[in-house]
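Q: Okay, handing you the structure first.
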Amino acid sequence: MSTNCVEILINQINLRFNVGSEMTTFLKTENDVFHLDRDLYIPGHIFFIEGGAMKTTDESSTSLMAGSATHYAYVEGVGSQARFYIILSFLQLSTNQVFIAETFNHCLRSLNRATNQTGQYAGTCRHRGNQDGLNALLNVPRTLINGVKNPGHVLISEWDGIIKTMNTTNKNISYFGTVGRTAYNIIQLATG
């Protein structure tokens with residue numbers, strides 16, 4: 001959902017946060033919020049993307065983990081020194097490890113929650129393409145989900161409707177299928 005006010009809808013409330021059944025305004029932001037989830041690193045918080053920033057909130061206060069909500073680029077760094085160029089999705093692999101779909105830098109980046117250090121994880125940042133393997137090229141990665149049917153793998157939805165799978169052990173990326181342009185399709189594919 002892209003909106004300037006993060007609104008948690010009825011089924012998101014019931015499925016993820018057990019808050020209530022009516023629509024709730026949770027947090028107002030200056031920029032678009034494309035993805036939010038329970039924060040695995042800080043219990044009771046919500047982890048979310050605002051523009052090119054990864055943030056966490058408990059409703060009363062918001063903290064920047066990495067990036068900037070208003071300055072877009074490609075810079076590896078710690079916390080506010082890091083820069084992303086539009087993030088549409090992230091995946092918390094564990095309480096400490098987050099994968100980030102670096103949409104317009106065409107790669108997957110990682111965020112270490114203990115240090116807030118970012119790093120290039122897979123794909124070749126700033127090089128768009130369609131190439132499998134250990135030196136893969138990605139084409140506008142936009143959605144990441146755990147491979148439910150194949151643990152240790154992450155499914156990557158690209159802008160052109162191509163789904164790729166990444167082995168999280170060796171970072172090998174390979175073609176998985178083509179499903180069209182909706183995130184709903186990738187979720188159906190992964191969960192059966």
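Every number here is computed from the coordinates shown, using simple stated rules; none is lab data. The shown structure was predicted, so the numbers you read here are calculated from the model rather than taken from an experiment. Here the Cβ positions follow ideal geometry from the backbone for every residue, glycine too, while neighbour counts run over all protein chains shown.
Q: Give a residue-ordered list of calculated ³J(HN,Hα) values for the stretch 49-57 (Karplus: 6.51 cos²θ - 1.76 cosθ + 1.60, θ = phi - 60°; whole Hz; x for Gly, Pro).
A: 9, 10, x, x, 10, 9, 9, 9, 8
Q: Determine, from the Cβ-Cβ distance of V78 and K149 and an R0 of 30 Å, the FRET efficiency 1/(1 + (r/R0)^6), rounded to the nearest 0.05.
A: Values: r = 36 Å, r/R0 = 1.19.
The formula returns an efficiency of 0.25 here.
Q: Right, something else. Please tell me the relative contact order of the stretch 135-174 in percent, rounded to the nearest whole number, where contacts are Cα pairs under 8 Å and at least six residues apart. If you can, show how the numbers build up before the last one.
A: Details: 65 pairs, mean separation 13.0, N = 40.
Relative contact order, the stretch 135-174: 32 percent.
Q: Can you pull out the trypsin sites (Lys or Arg not before Pro) in the stretch 132-184 whose DSSP state is coil and whose Cβ has at most 14 other Cβ atoms within 10 Å?
A: Details: sites: R142, K149, K164, K171, R181; in loops: K149, K171, R181.
Those satisfying the criteria are K149, R181.
Q: Under a 5 Å amide H to amide H cut-off, with H placed in plane at 1.01 Å, what residues pair with H45 once short-range neighbours are removed?
A: The answer is D39.
Q: Can you put T118, T178 in order, fewest other beta carbons within 10 Å first? Display every interim value, and only then the final one.
A: Details: T118 27, T178 11.
Taking fewest neighbouring Cβ atoms as first place, the list is T178, T118.
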